Each structure stands twice: as C-alpha cells, then as structure tokens.
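Please read the structure below before turning to the comments.
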Ligand SMILES: Nc1ncnc2c1ncn2[C@@H]1O[C@H](COP(=O)(O)OP(=O)(O)O)[C@@H](O)[C@H]1O
Ligand SMILES: [Mg+2]
C-alpha cells in the first residue's frame, strides 16, 4: 500500500456509541490525510445498499472507526470479508468473541486470566432480589462506553434499576464489584504499550468520565508494583492473542491493591475497536511509547487485511 492509496473510513453507524465513532472518525481522517492518503468517509447509518455501493470501486483498505453494535461485533467485518476489502482491527471471530462479555470471559478464564465472578440473568431476577451479595455491577453483555453500567453498593440501590430503562440485551451480566483502581493497557500487534491508571474525579469511570475533558485524571505510567504492571500487560497480551485479535486492542482492568502481589488484578473486558478520540487512551499510550498519532494510524492501515 502506498500513501497515495485511497482509504475509506467507516464512521458513525447505528450503535449507542455513534457519537464517539464520529469523533474517532474525524481524528482518523485528519491523521490519514497528514500521511498523504486519499480519504473518503462512509457513515454506515445509511442503508446497506448504499454502503455497499459506496464501497465500489473497492478502496485499498477500509479504516474501521466504528464502535459498538454492527461495527465492533464482527458484523461489518463480515461484510468486508464478503467484499474482499482489507480492513483495520480484528476480524469476524475475534470481534464477535470480544464483544460478548460472558463468552470472552469464559475464554480468558481458560487461559488463567483472573476475571470477576458473574452471573447471567434476566431482568426479573434482578428485580426480585440481589443476584450476588452487594456490592455488584449490573451491565449489558455487549455494549461499550459504560452504557447501562450500574453499580449496586447495597440492596437499597436496586430501586434505581428500572425495567423500562433497560434498552439492552435480555441477557444481563451481574458481576462482583471489584474495589480499587482502574487500569488500562493498549496492545499494538505483539506489544503492550504500557499501563495507564484512570482516576475519575467522581463516582466511577462512566460515560462522562470517559469523554469530557478534565473528568478523569490519566496517570501514565501508572504507579504500581512491578509485578502488577507485568501481570496486567501479560493479561492484555494473552487476551488479545487468545481471541485472535489483530491491530490494536485495549484491555480494561480493576486492581484491588489490598490483595497480595498481583492477585488483585482482574480483566474486565477487551475492546477490539478502542476509541481514537483526542481524549482517548490508546493514542496517549502510543505517544508515551514514542509513536505519534499519524504513525499509529499508518501502522494500522499497513496491518489491514481480510481473508485470514
Ligand atoms: N466488576 C466491576 N467492578 C468495579 N467496577 C466495574 C466493574 N465492572 C465495570 N466497572 C466499571 O464500569 C466501567 C465500564 O465497564 P466495562 O466492563 O469496561 O464496560 P464498557 O464496555 O461499557 O466499557 C469500568 O471501566 C469500571 O469503572
Ligand atoms: Mg470498558
């Protein structure tokens, strides 16, 4: 692929993370242009028919800047496989596995990665009584950006949970709340780029803490015992490899420092389409590792593929 090749950036889409994808897309377009690529964008909210037509003639590669449903779960990847257009990030299977938190956790656990205990229940079971002893977290099985995540510190908090507000999958994950700190690791190919600690100024790392400047302090590199830094990065690499991911991924963790050694490190999830907005963690870790944003984006385009 040469820098004069045309790249199509897929952005927007129909998921709850549409607005974040538009910001990711904008940042990616400007980086690609600065590398000399010809760039076209397609908002995949359009009809499938139009999307397919706009992908013809096929570009050298598609940069997938989508997040969430249909963009991160293997669906758009399947379309690109059918059209035989190389695309960035993970393929069909890895994307689908990572997006479904219970399935991904089953695989992570089989590789010896510590994950929080959970149960999959329906809405009635949540309304009936505590599914786990509090504190616990109620979360959708296949969303992102903290959409739908609710922390139940005590049984009384359950009254906040409203049946009619639940707009997500019928399967609901109820997960043991892990006290402590919030960590994240970017994997780029075969390499973990470092560990960032996130300190939200209030409550937990919710949607606002993720996307509004100043709501969360990022500490990079995180100030952690060496063993914890090591295990966190090792878990991220193993998770990436085990699901068969490609390009970049970002693994989210909790770390309970009251537990000895690294036994308080828990992998929450692996994101196959992590945010690339100006406030996002992946570009920040890349910069810290000496990789500029355009270099990162260029690397991702060079690693685009299909049919493998
Ligand atoms: N088991 C848990 N213990 C403590 N905090 C949690 C737990 N699960 C989720 N959270 C909080 O909610 C945030 C979002 O959860 P996560 O599982 O990463 O879903 P999302 O895909 O929405 O990012 C986490 O970054 C963390 O702050
Ligand atoms: Mg997360």
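The condition (being in a loop (DSSP other than H, G, I, E, B), more than 27 Å from residue 11 (Cα to Cα), in the same structural domain as residue 102 (by TED's automatic domain parsing) and away from ligand 2 (no atom under 14 Å from the Cβ)) is satisfied by just one residue among 230, 213, 257, 217: 257.
For the stretch 23-38, a residue qualifies if it is touching a residue at least 24 places away in the same chain (Cβ under 8 Å) and buried (at least 18 other Cβ atoms within 10 Å of the Cβ), and the qualifying residues are 23, 24, 25, 27, 28, 31, 32, 37. Scanning the stretch 40-77 for residues that are surrounded by fewer than 18 Cβ atoms within 10 Å (Cβ to Cβ) and closer than 23 Å to residue 298 by Cα turns up 40, 54, 56, 57, 58, 60. Hey, could you check the stretch 140-167 for residues that are within 26 Å of the chain's Cα centre (by Cα), over 16 Å from residue 203 (Cα atoms) and surrounded by 16 or more Cβ atoms within 10 Å (Cβ to Cβ) and say which is farthest from ligand 1 (Cβ to nearest atom)? Per the criteria, the residue is 166.
Report whether or not residue 250 is modelled with pLDDT of 95 or more and within 24 Å of residue 91 (Cβ to Cβ). Taking the combined requirement at face value, the residue satisfies it. Here residue 158 meets the list (1) part of a loop (DSSP other than H, G, I, E, B); (2) in contact with a strand residue (DSSP E or B) (Cβ under 7 Å, 6 or more places away or on another chain); (3) not assigned by TED's automatic domain parsing to the domain that holds residue 106 almost entirely, failing just condition (1).
With respect to the numbered conditions (1) within 16 Å of ligand 1 (Cβ to nearest atom); (2) without any contact (Cβ under 8 Å) to a residue 24 or more places away in the chain, which one is the sole condition not fulfilled by residue 204? Checking residue 204 against (1) within 16 Å of ligand 1 (Cβ to nearest atom); (2) without any contact (Cβ under 8 Å) to a residue 24 or more places away in the chain, the one that fails is (2).
The values are calculated or read from the model by the stated rules, or taken from the named source; none is laboratory data. Since we're looking at a predicted model, the values are computed, not measured. Neighbour counts run over all protein chains shown; Cβ positions are idealised from the backbone, glycine included.
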